[in-house]
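Take a look at the structure set out below.
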Amino acid sequence: MNKLQLQGIGMTSQRTRGRLVERLKEQGISDQQVLDVMGGTPRHIFIDEALSHRAYEDTALPIGFNQTISQPYIVARMTEVLLSEGPLKRVLEVGTGSGYQTTILAQLVDQVYSVERIKPLQDKARQRFSLLKLRNIMLKHSDGGMGWPERGSFDGIIVTAAPEEVPEELLQQLVVGGHLVIPVGGSRGQMLRLVTRKSETEFKTEVLEGVKFVPLLSGTVR
Ligand code: SAH
C-alpha cells in the first residue's frame, strides 16, 4: 500500500475521522486519549478496498472468513473501560481479526499480545502493523480461549469474540487488580462484561451493555 492510500486519498479521511470522533463523543466516549487515537487511526486500511468507502461509518464490516471488523463505538468503549484506572503495560487481546482494535490499543499501552485462530487474517493484520510501524505488538496463531499462558500474567485482557461463559484460563492470566473486558452470550443476545480480579480467588463482574460479536470458536484455521 502506498502513502496516498495510507492517508486516505487526500484529506477526506482526516475530515471523516473528525466526524467519527464527534459521533463517539455523542455516544458517551469521554476518554480524550482514546478519542485522539480513534481520530488518528486510518480505519480504511483494515478493510478490503471494495468496502473501504464505508470505513468511517460506525458499523461492523465483513473482513472475510465470516468475521467482522468491530464497530468503532464498541472499540472505543472497550478500550476506555480497559484503561479506566490508568495506563497499562501488558495487554492480551483475543481475536486479532483485522487488527483495528489491536492498533488502537498499541497506541495506548506498552505491549499488546494478540491471539487469532484464523491464520490468513493474522497474516493480513501483521502487514498492516508493519505498514503503520507499530512495533509493540506480538502475535500468536492459536485458540485464544486458552489465553497466552507463556506470556501472562496480563494487566488487562480484551476479548473481541463472544464465548457462552468466561473462560477460566483468561481469569487465571489476569494480575490482581487487572481488568477483563469480554462479550458473553450466544445468538440470543450478548452482554459486555467487565471482570476485575480482586484477589487470587475473588473476581467482581459488572455487566455493561448489550453487544453483538461473532462467537469465540475453539481450534485453529490454517
Ligand atoms: N478486534 C477485531 C475483531 C474481529 S472479529 C477487529 O477489530 O477487527 C473476532 C475475531 O476473533 C475473528 O477474527 C475470529 O477469527 C477471532 N476468534 C474467534 N474465536 C477465537 C479464538 N478462540 N481464539 C482466537 N481468535 C478467535
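No lab work stands behind these numbers, since they all come straight from the coordinates. Values in this document were obtained by computation on a predicted structure and should not be read as measured data. Neighbour counts are summed over all protein chains in view; Cβ atoms, including those assigned to glycine, are modelled from backbone coordinates with ideal geometry.
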task: Could you state the angle between the C-alpha long axis of helix 12-26 and the longest principal axis of the C-alpha atoms of the chain, as a value from 0 to 90 degrees rounded to the nearest 10?
output: 40 degrees
task: For region 91-109 and region 47-77, compute the distance between their C-alpha centroids and round to whole Å.
output: 14 Å
message: 7 Å from Cα along Cα→Cβ at both L171 and R135: what's the point-to-point distance in nm?
response: 3.9 nm
- line: Partner lysines whose C-alpha sits under 23 Å from that of K89, ignoring same-chain residues fewer than 8 away, are K133, K140, K198, K204
field: Loop-resident sites, region 109-191, for GluC sites (Glu not before Pro), counting at most 13 other Cβ within 10 Å (DSSP)
entry: E150, E164, E165
query: When the helix-only estimate is applied to the chain (DSSP H runs of n ≥ 4, each -39,500 (n - 2.57), divided by the residue count), what is the mean residue ellipticity at 222 nm, nearest 500 deg cm²/dmol?
result: -8500 deg cm²/dmol
- line: D110 and T196 label points (each 7 Å along its Cα→Cβ direction) are spaced in nm at 2.2 nm
- request: Find the Cα radius of gyration of region 61-211, compare it with 2.2 N^0.38 Å by division, and give the number to two decimals.
  value: 0.96
For region 119-222, share of DSSP beta bridges that run antiparallel, in % to the nearest 5: 75 percent
- line: Rounded to the nearest 10 degrees, the helix 72-82 long axis (Cα) sits at an angle to the longest Cα principal axis of the chain of 40 degrees
query: Using Cα atoms only, what is the angle between the long axis of helix 119-131 and the major principal axis of the chain, expressed in degrees (0 to 90) to the nearest 10?
result: 60 degrees
message: Of all beta bridges DSSP finds with both residues in the chain, what is the antiparallel percent, to the nearest 5?
response: 50 percent
